[in-house]
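What follows is a single structure, written as structure tokens, with notes after it.
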Amino acid sequence: MLDASTPLAPPLKPRRALDPKSEPINGYRGVDLGDGRQLLSMRMAICQALYEEMQRDPTIVILGEEVAEYNGAYKVTKGLLDAFGPERVIDTPITESGFTGLAIGAAMTGLRPVVEFMSWNFSFVAFDQIISNASKMCYMSGGAFPIPLVMRGPNGAGPRVSSQHSHAVEAIYSHFPGLIVVSPSTPYDAKGLLKTALRQNNPVCFLENEMLYSFEQEIPLAEYTIPFGVADLKREGRDCTIVAVNRCVHWALEAAEELAREGIECEVVDPRTVKPLDIEAIVRSVRKTNRCVVVEECYRTGGIGAEVAAQLMELAFDDLDAPVQRVTTTENPMPYAANLEHETLPKPHRIIAAVRRACYRSP
Amino acid sequence: MPAQLYEVDPIAVRDEIGKERLIELWRRMLTIRRFEERAELAYRAKKVAGFLHLYIGQEAVATGWYDHITPGVDATVTSYRCHAHAILSGVDVKELMAELYGKATGNAKGKGGSMHFFSREKLFLGGHGIVGGQIPVGTGAAFSLKYRKTGGVSLTFLGDGATPQGTFHESLNMASLWSLPAIYIIENNQYGMGTACHRANAVDSLAEAKAVGYNMKAYTFDGLDLFASWKCAQEVVAEVRRSSRPVLVEAKTYRYRGHSVSDAGLYRTKEEVERYKRLDPIARVQQALQDAGWLSEAEANAIDEEIRARMAEAADFAERSPEPPLSQLTADVYA
């Protein structure tokens, strides 16, 4: 649970926006608002967490494609090479299996590596290292070798990038015991969760989203961390619970605004970490609303929605007034055509339809 | 083109190693052999299950190399054929035997089994069950040792069957690119499971032909000869400590047992196995000790008896140890 000293999550909409002409839109320094808060984007929040933790802990190194001299394919690591030098911010060859395995070996021998996947789609090249080595090492060594490793990068669909560059991997990696899966939707959450990831000793899949990198928020200047397994209410409501992660949180909030106009008040629960999953928070919300819609960018079969629905059946069967609805990426590789891509993703129009179904309203 | 074998003068190396140290090396090889024979026996008696990949015949390779490193300062990692490497790292044989028996007192608390021996204290990063999966891990250890300026080197052992894997290529490329203190030792026992090396590799000489592509130095030695293994290791380990440049090494060796104990070995002839058994690395060292007048047959037998007794004791310890409590089923999934 959040302790009393943790500042409350700030509102999602900043009072003002960054001006790219006069203010940094990347790097690790936010814009000091003079009232104990700073304005920054998602990519800056992630960069700031990396910067602060690397200052604190000399065993942290960053490895990945284009992370150093290019400043990150999405500029998430901008400025870190200058701040920490080429020993700690390391451009790798395009060799995901190799550098992920190398990071695991380094994690077993005293370092705390951060691996950046230019996209989580490329993590599949390193799948064996993540599953056979990172996720199982602690257990199969009888606890001798924990793996303090953070793997991070953008996840989910980018803009019109088609079949091989659009996967959301929350469900895949949540399947394996030994991994922690973090999927933040805001700069505040991303910073606090990444700092936690860099202070614990398990392999973490830290799933960002290209489409949220420029999302801005006012967050505290003061130090804070957010524990794993604690969901956050992104919107309160009495009629229907929407469980959403990452980019889907924003789509869910959009849908909730629309639905409010027709008198349906949705509660948006953001688990923030898919593993561990804060099922208690979801159950708490469902006890209030008696309805649940799960929204995710993963596929329907074996997705987060499947897991949440199963757990709700086990834990809150009598509290449900309607079947749990799932809004997922449709079961096809991501198409290129704009209209097809739009329909593949769990966008607000599909969420609205699902909520209406859960509330037995006409579509 | 077959590689030029690393040349040694056995008498000179024998004298350089010296009496006490050579007896100790022979004792280590014999310890590995007797441990595995005992494990094989326990397997046949159904006390040990799962896979059991025996190192019998290959003992001279790891024994020669571990003698030039300090486990704990230097890091080592290997494949699932990992019993010898754990013993040479200094892990107690009781703990290892108990692991094979799946007991709570085992090296990995009964959760790893034959393929997953480890030692954090000795920086033995494990036995690994996916062919080639350990190669980047050993490379990462070299990265870490260099980053932390410990002066340590990393030894990654792998089979000939792992060299066609992508991780082999990826690791060697990074190690050379970043000048990591990494030594890769291909233990070429001539078969990747049942597939002869030449049916899986486009080149004859695994180290010499492949190292060129990574701007690395290569060595090839007779892995059935402890003197060659020891001398080659001495040169390479010193060189890598000095230069922090990775090196690729191939040991030409042979395993007398199957890929694992369930392997009927139909892919090779009995004659071939017999031919290699006549080159037994342990018997040859014993002969060298006898020829030098450093160890009589009676003394050798006494040491052997003592080792066998230790193994019987280890098996007894494993037998008497409790199974892991069910309460530990999900312990250590997370740190």
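The values are calculated or read from the model by the stated rules, or taken from the named source; none is laboratory data. Model, not experiment: these values are computed from the prediction. Here the Cβ positions follow ideal geometry from the backbone for every residue, glycine too, while neighbour counts run over all protein chains shown.
Within region B:63-81, does at least one residue satisfy the condition of being of a type in the set (Gly, Ala, Ser), touching a strand residue (DSSP E or B) at 6+ places or on another chain (Cβ under 8 Å), assigned to a helix (DSSP H, G or I) and closer than 21 Å to B:Ala141 by Cα?
No: zero hits.
May I ask you to list the residues in region A:98-125 that are more than 9 Å from every other protein chain (Cβ to nearest Cβ) and hydrophobic (A, V, I, L, M, F, W, C)?
A:Val114, A:Val115, A:Phe117, A:Met118, A:Trp120, A:Phe122, A:Phe124
Filter region B:154-171 down to the residues that are outside any helix (DSSP H, G or I) and not aliphatic (A, V, I, L, M) and list them by number.
Hits for region B:154-171 are B:Ser154, B:Thr156, B:Phe157, B:Gly159, B:Thr163, B:Pro164, B:Gln165.
Those residues that are charged (D, E, K, R), within 9 Å of another protein chain (Cβ to nearest Cβ) and in contact (Cβ under 8 Å) with a residue 40 or more places away in the chain, I need them from region B:122-159; list them, please.
Residues satisfying the conditions do not exist here.
List pairs: first in region B:1-26 and farther than 14 Å from B:Cys232 by Cβ, second exposed (fewer than 14 other Cβ atoms within 10 Å of the Cβ), Cβ under 6 Å, 6+ apart or cross-chain?
If the second residue must be exposed (fewer than 14 other Cβ atoms within 10 Å of the Cβ), the pairs left are B:Pro2/B:Asp204.
Residues that are at pLDDT below 95 and among the charged types (D, E, K, R): find the helices (runs of 4 or more DSSP H) completely inside region A:40-126 holding 3 or more of those.
Numbers: elements: A:42-56, A:80-84, A:96-107.
Qualifying helices (runs of 4 or more DSSP H): none found.
Could you please find all residues in region B:271-320 being farther than 28 Å from B:Thr195 by Cα, assigned to a loop (DSSP other than H, G, I, E, B) and touching a residue at least 24 places away in the same chain (Cβ under 8 Å)?
Passing the criteria: B:Ala292, B:Trp294, B:Leu295.
Among the candidates A:Val61, A:Val31, A:Val67, single out the residue that is free of Cβ contacts under 8 Å to residues at least 24 places away in the same chain and surrounded by 15 or more Cβ atoms within 10 Å (Cβ to Cβ).
A:Val31
Kindly indicate whether any position in region A:155-164 is in a helix (DSSP H, G or I), more than 19 Å from A:Met42 (Cβ to Cβ) and not small (Gly, Ala, Ser).
Checked against the condition, which is being in a helix (DSSP H, G or I), more than 19 Å from A:Met42 (Cβ to Cβ) and not small (Gly, Ala, Ser), region A:155-164 yields at least one hit.
Could you say whether any residue in region B:101-111 is within 29 Å of B:Arg284 (Cβ to Cβ) and crowded, with 24+ Cβ neighbours inside 10 Å?
Restricting attention to region B:101-111, the residues satisfying the condition of being within 29 Å of B:Arg284 (Cβ to Cβ) are none.
No, there is no match, as no residue in region B:101-111 is within 29 Å of B:Arg284 (Cβ to Cβ) and crowded, with 24+ Cβ neighbours inside 10 Å.
Considering only residues that are small (Gly, Ala, Ser) and part of a loop (DSSP other than H, G, I, E, B), look in region B:214-270 and name the one that is nearest to the chain's Cα centre (by Cα).
Within region B:214-270, the match that is nearest to the chain's Cα centre (by Cα) is B:Gly223.
Within region B:96-115, identify whether any single residue is in a loop (DSSP other than H, G, I, E, B) and under 21 Å from B:Glu24 (Cα atoms), and answer yes or no.
no
Report yes if A:Leu194 is at pLDDT 95 or above, of a type in the set (A, V, I, L, M) and under 17 Å from A:Lys75 (Cβ atoms), otherwise no.
Against the criterion (at pLDDT 95 or above, of a type in the set (A, V, I, L, M) and under 17 Å from A:Lys75 (Cβ atoms)), A:Leu194 qualifies.
With respect to B:Val203, determine if the residue is surrounded by fewer than 17 Cβ atoms within 10 Å (Cβ to Cβ) and either on the phi < 0 side of the Ramachandran plot or in contact (Cβ under 8 Å) with a residue 40 or more places away in the chain (or both).
yes
Give the number of residues within region B:1-27 that are surrounded by fewer than 21 Cβ atoms within 10 Å (Cβ to Cβ) and within 16 Å of the chain's Cα centre (by Cα).
Total satisfying the criteria: 1.
Please determine, by comparing only the residues of region A:126-140 that are surrounded by fewer than 24 Cβ atoms within 10 Å (Cβ to Cβ) and either of a type in the set (D, E, K, R) or closer than 30 Å to A:Lys78 by Cβ (or both), which one is farthest from the other protein chains (Cβ to nearest Cβ).
That would be A:Phe127.
Suppose we keep only residues that are out of contact with any strand residue (DSSP E or B) (no Cβ under 8 Å at 6 or more places or on another chain) and within 13 Å of another protein chain (Cβ to nearest Cβ) within region A:141-168. Which one would you say is surrounded by the fewest Cβ atoms within 10 Å (Cβ to Cβ)?
A:Gly143
What residue, of A:Ala322, A:Ala309, A:Ala337, A:Ala316, is modelled with pLDDT of 95 or more, under 23 Å from the mean Cα position of the chain (by Cα) and small (Gly, Ala, Ser)? Give the steps one after another, and end with the answer.
Numbers: A:Ala322 fails: under 23 Å from the mean Cα position of the chain (by Cα); A:Ala337 fails: under 23 Å from the mean Cα position of the chain (by Cα); A:Ala316 fails: under 23 Å from the mean Cα position of the chain (by Cα).
Sole residue among the options that is modelled with pLDDT of 95 or more, under 23 Å from the mean Cα position of the chain (by Cα) and small (Gly, Ala, Ser): A:Ala309.
With (1) surrounded by fewer than 24 Cβ atoms within 10 Å (Cβ to Cβ); (2) among the small types (Gly, Ala, Ser); (3) more than 14 Å from chain B (Cβ to nearest Cβ); (4) touching a Leu at 6+ places or on another chain (Cβ under 9 Å) as the list, and A:Ala190 as the residue in question, which single condition is left unmet?
All conditions pass for A:Ala190, except number (1).
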